[in-house]
Amino acid sequence: MFLTEEQELLQQTVHDFAQNELKPRAAKFDEQEYIDKDVLKSMAELGLMGVCFPEEYDGAGMDTVCYAIAVEEISRVCASTGITLAAHISLGTNPLYLFGTDEQKQKYLPKLCAGEELSSFGLTEPNAGSDAGGTETTAVKTGNEWVLNGTKTFITNGSLAWTSVNTAITDKEKGVHGISSFIVERGTPGFSVGEKIHKMGIRGSDTTELIFEDCRIPEDNLLGNLNEGFKQFMIILDGGRISIGAMALGIAQGALDESVRYAKERQQFGRPIGSFQAIQTMLADMATEVEASRHLVYHAARLKDAGKGYSMQSAMCKMYASEVAMRTTIKAIQIHGGYGYTKEYPIERMFRDAKLTEIGEGTSEIQRIVIARNLMKD
Ligand code: COS
């Protein structure tokens with residue numbers, strides 16, 4: 001789909017890696033509820049952990065389209081690995097890149113981009129999900145330190161991350177204009193990783209609570225300007241939604257791949273089931289929707305790369321691709337019949353994984369709000 005030479009090369013490289021190294025292990029990651037560390041090491045060696053950050057910070061210096069392709073190709077066989085990469089890049093590391101001081105960037109980005117360490121993003125709380133501005137975590141300035149108290153939940157890479165960027169109230173009177181972002185490092189006294197969260201899908205990815213109990217961090221760990229945290233994370237989520245769109249696209253493409261293969265192999269009534277029009281119709285609908293998702297995801301990524309507004313398009317691609325991932329995986333189970341309902345084939349895992357994409361980084365309902373508000377803007 002009109003890729004540059006660099007994008008095509010990256011696509012081929014990640015495709016080969018995913019098919020050869022990840023695919024055979026994806027079921028195991030789902031079963032054991034973690035991804036083997038050597039996979040992240042291999043991804044770091046391929047330059048994926050900093051794929052879209054500049055070379056001066058040890059990133060690969062590629063564009064957002066390349067990043068989306070990487071998440072897509074990986075999620076095509078293992079969405080747990082896809083979301084680990086996506087959360088690291090667009091949620092954990094991107095805030096440091098966009099809002100960090102030179103000193104903060106020098107300190108954190110090279111290790112994160114090189115994949116020596118992982119990062120996470122602490123936004124969601126037990127009482128602040130869709131209403132992300134309803135954060136209850138507080139940060140109080142005491143001398144030259146900030147003291148954080150509160151609990152974050154559903155944090156991807158929670159127990160693996162070296163750095164987490166967390167939002168907290170710094171001026172309660174100001175509502176969403178009284179929230180700020182703070183960098184907290186693993187091992188900081190008063191900061192602990194809470195329970196591992198056992199999920200329906202994306203089970204290989206690390207999801208935990210983060211707990212702050214009188215957690216003291218240096219005043220320099222404020223990220224960006226005081227009280228601008230809400231706006232910052234809206235910007236971060238705009239970018240993050242491209243990654244979830246890419247992840248959903250990858251899952252849908254993976255389900256289509258499996259379905260085409262099965263339709264050619266599986267014999268019933270003395271013929272491959274793919275020769276029946278009932279199956280062909282499903283495959284044609286699946287392929288068309290997957291292709292439409294790809295156009296939306298790459299389009300949002302291209303707008304971002306061109307420095308144009310992409311808030312509405314990222315919400316569109318995320319909403320559409322995630323709903324296509326659900327429809328596609330449901331049809332894929334139908335094509336596989338009884339076998340699709342078993343763990344013998346990857347389809348049931350893909351179906352469970354797909355559901356997350358309609359929820360994480362803003363539910364489909366929130367995406368529709370974002371799209372409608374953009375339409376109504378003056
Ligand atoms: N980029 C930059 N600024 C933005 C923005 C964006 N995409 N979206 C909103 N803002 C700004 C607004 O301009 C407004 O600033 P001013 O008051 O200075 O004009 C401020 O942020 C508040 O915006 P708004 O009034 O739209 O906030 P709401 O509380 O109504 O929330 C939604 C809007 C619902 C869109 C937001 O809460 C949201 O995205 N929720 C979902 C959160 C989510 O995805 N959670 C999952 C996290 S998984 S890591």
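The values are calculated or read from the model by the stated rules, or taken from the named source; none is laboratory data. As the structure is a prediction and not an experimental result, all values here were calculated from the model. No Cβ is skipped: glycine too gets one built from the backbone with ideal geometry, and neighbour counts run over all protein chains shown.
Scanning the range 102-157 for residues that are buried (at least 24 other Cβ atoms within 10 Å of the Cβ) and over 24 Å from SER364 (Cα atoms), we see that the one that is farthest from the ligand (Cβ to nearest atom) is CYS113. Return yes or no: is VAL65 over 22 Å from ARG203 (Cα atoms) and either of a type in the set (A, V, I, L, M, F, W, C) or within 15 Å of the ligand (Cβ to nearest atom) (or both)? In short, yes. Of the listed requirements (1) surrounded by fewer than 16 Cβ atoms within 10 Å (Cβ to Cβ); (2) within 30 Å of GLY340 (Cβ to Cβ); (3) hydrophobic (A, V, I, L, M, F, W, C), MET247 misses just one: (1). Only a single item in (1) under 21 Å from ALA325 (Cβ atoms); (2) modelled with pLDDT of 95 or more; (3) not aromatic (Phe, Trp, Tyr) is not met by MET1, and it is number (2).
For every residue, the table says whether it meets (1) in a helix (DSSP H, G or I); (2) over 20 Å from GLU116 (Cβ atoms); (3) at pLDDT 95 or above.
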position	(1), (2), (3)
LEU22	yes, yes, yes
PHE29	yes, yes, yes
ILE35	no, no, yes
GLU56	yes, no, yes
ALA60	no, no, yes
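For the range 80-101, the condition of being hydroxyl-bearing (Ser, Thr, Tyr), out of contact with any Cys (no Cβ under 9 Å at 6 or more places or on another chain) and in a strand (DSSP E or B) holds for none of the residues. Please find, among GLU195, GLU213, GLU209, the residue that is of a type outside the set (Ser, Thr, Tyr), under 24 Å from the mean Cα position of the chain (by Cα), surrounded by fewer than 19 Cβ atoms within 10 Å (Cβ to Cβ) and not in a loop (DSSP other than H, G, I, E, B). Answer to the selection: GLU195. Among the residues of the range 281-291, are any under 17 Å from the mean Cα position of the chain (by Cα) and modelled with pLDDT of 95 or more? Within the range 281-291 (the criterion being under 17 Å from the mean Cα position of the chain (by Cα) and modelled with pLDDT of 95 or more), the answer is no, since none of the residues qualifies.
Figure legend. Inter-residue proximity from the range 229-242: first residues within 6 Å of the ligand (Cβ to nearest atom), second residues modelled with pLDDT under 95, beta-carbon distance below 6 Å, spacing 6+ or different chains. Indicated pairs: PHE230/GLY133.
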